[in-house]
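Asks: What follows is a single structure, and I will ask about it in a moment.
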Amino acid sequence: MSQTTIFVSNLAYGLETQDLISAFSTYGEISDAKIIKDRESGRSKGFGFVTFITPDQAKEALDMNGKELQGRTVRVNFARKQTTREEEN
C-alpha cells in the first residue's frame, strides 16, 4: 500500500499547523497538514498528520523521526488507518 500520510507525535503544544508545514515542506509538496486539538479546550494534543503528494515524499519525511522541532524530539511514522473499537477486539 502506498502511503502519503505520516503521523507526527511529541509536538510542542505551541506548535501551529504552519510550523508543521514549514518543518516538513523540505521533503516535498504537502497537500494537507493538521494538528489534532482537544475539542473542549482547543489545546493541541501534541500530535498531527502531514499528507504529501507522493508516497516517496512521505517516505523521505520519515527522516524527521528523532529530530528536534521547537525544543521537542518528534516521532514520525506512517499513519495507520483509524479503526473502531469493535475492529480492535
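The values are calculated or read from the model by the stated rules, or taken from the named source; none is laboratory data. Since the model is a prediction, treat every value here as computed from it, not as a measurement. Cβ: placed from backbone, ideal geometry, glycine included. Neighbour counts: every protein chain shown.
Asks: Checking the condition free of Cβ contacts under 8 Å to residues at least 24 places away in the same chain, aliphatic (A, V, I, L, M) and either in contact with a strand residue (DSSP E or B) (Cβ under 7 Å, 6 or more places away or on another chain) or part of a loop (DSSP other than H, G, I, E, B) (or both), which residue from Ala61, Ala12, Ala33, Ala23 passes?
Replies: Ala33
Asks: To continue, here is another question. Report the residue count in the stretch 1-13 for those that are modelled with pLDDT under 95 and either of a type in the set (Gly, Ala, Ser) or under 12 Å from the mean Cα position of the chain (by Cα) (or both).
Replies: 1
Asks: Being under 12 Å from the mean Cα position of the chain (by Cα) and charged (D, E, K, R) is the filter; apply it to the stretch 17-44 and report the residue that is surrounded by the most Cβ atoms within 10 Å (Cβ to Cβ).
Replies: Step by step, filter the stretch 17-44, then rank; the result is Asp19.
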